Amino acid sequence: MQNQYSRFIHRGLTLFVSSLVLFTSVVRAEYPDKPILFVAPFAAGGANDYLTRLMAQHMGMVLKTSIVADNKTGANGIVGASYVAKSAADGYVLLMGNSATHGTNSSLYPNMPYDPIADFAPVSMVGAVPLVIAVDPRLNINSIAELIAYGKTHPGKLSFGSSGVGGTGHLAGEAFNASARLDLVHAPYKGDAPAVADVAAGQVPLAVIGVASASPLYSAGKIKVLAVASKVRNKAMPDVPTLTEAGFSGLEFSQWYALVARAGTPKDVIQKLNVAAKQVLKNQDVIQAMLTQGAEAQYTTPEQLENFYQIEIKRFANIIQKLNIKAD
């Protein structure tokens, strides 16, 4: 009887120890131990999609795991951002956030299903694509000064295309419109590509779009680019002056991109992701690949990124309120 009891106790202890070892191994599993998902909240073919896939490929090599990029599009990035905001806080689903998801949206959509600050944990900035003012070459406008002169003599006749209502291009165009005291009419498109294509086709006189979308048509001579909305000239278009050079200091707008995870993701996981992003953004092949999109690689710590997009949210809110921009 005693031997039976001893065997029972022994078996119980063995099972307990085995379970404890298994539990401990699960708890201590090294991150990452399964594939990671990077969500691009905008359509394939644009800068957001390109940078998402570029970072997924190279960060996967650094982290020694598979990173899959997937487009979850709609509502100015809200669909993709909401998906990540509702995912598990374990570092296996990340968003390529941008100046819409973590900039303009919170001021444009009062009932937005996510909070850009409370629902996310910042990882790192990835890069920024400055905006440009592109015009139809058939207008024979060669500078910002000539554009303003044309606008003054043709009031209400000039319209500008952008990626959509509330996008960075829309805000930049309205800010320029107000500063130049023109009467430009906004023509929203579903992305930069169709907006600039219509400029080249003569369907709309000008567009405020990212360097990445403007570069191919600019290089082909199908559009003219009058100015870039950044502090310094862009490496992809070194001959194009800045808006500051054209007399509009302070009009600086870019489509910036950053990796963010779900709020509550463990700090050591965020740190691993940040270190991987830093390594990738120093890679010369990655830097050159980003330049083909007119983007310049930009690394930040998580703290710097959070501070940055909090400032951007306030800046965009002021512009949206001042210019009375509505999402509908």
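The numbers here are math on the coordinates, done by the rules we state, and not lab data. All of these numbers come straight from a predicted model, not from anything done at the bench. When we count neighbours, we look across all protein chains shown, and the Cβ atoms used for this are built from the backbone with ideal geometry, even at glycine.
List of remarks:
- Beyond 26 Å in Cα-Cα separation lie the following of the pairs K152/K235; K272/K314; K72/K326; K86/K282: K152/K235; K272/K314; K86/K282.
- Seen against the Cα atoms of the chain and their longest principal axis, helix 192-201 is set at about 20 degrees.
- FRET efficiency estimate (nearest 0.05) - Cβ-Cβ, T153 to S179, R0 30 angstrom: 0.95
- Maximal additional length on extending the V79-A43 stretch stands at 11.8 nm, based on 0.36 nm per residue less the C-alpha distance.
- Taking trypsin sites (Lys or Arg not before Pro) across segment 69-157, the ones in a DSSP loop with at most 14 further Cβ atoms lying within 10 angstrom of their Cβ are K86, K157.
- Between the listed residues A197, A220, Y299, the Cα displaced farthest toward the positive end of the dipole of segment 189-328, a dipole computed from Cβ unit charges relative to the Cα centre, is found at Y299.
- Working note: 222 nm ellipticity from helices only, DSSP H runs with n ≥ 4, each -39,500 (n - 2.57), summed and divided by the residues of the chain, gives -13500 deg cm²/dmol to the nearest 500.
- Rounded to 5, the percent of DSSP beta bridges in segment 130-228 classed as antiparallel: 60 percent
- Per-pair calculated FRET efficiency, R0 = 25 Å: A201 and E245 via Cβ, rounded to 0.05: 0.30
- Theoretical gain in end-to-end length, K282 to M61 [0.36 nm per residue, Cα-Cα removed]: 78.2 nm
- Translational diffusion coefficient (Stokes-Einstein; Kirkwood radius from C-alpha pairs) of the chain at 10 °C, 1.306 mPa s, in µm²/s: 75 µm²/s
- Inter-probe distance in nm under a simple model that places probes 7 Å from Cα toward Cβ, at A118 and A89: 1.3 nm
- Spin-label model distance (nm) - K222 vs Q304, 7 Å beyond Cα toward Cβ: 3.8 nm
- Dipole in debye (nearest 20) - the chain, about Cα centre, beta carbon charges: Lys, Arg +1; Asp, Glu -1: 480 debye
- Average Cα contact separation per residue, segment 130-228, under 8 Å, 6 or more apart, as relative contact order %: 45 percent
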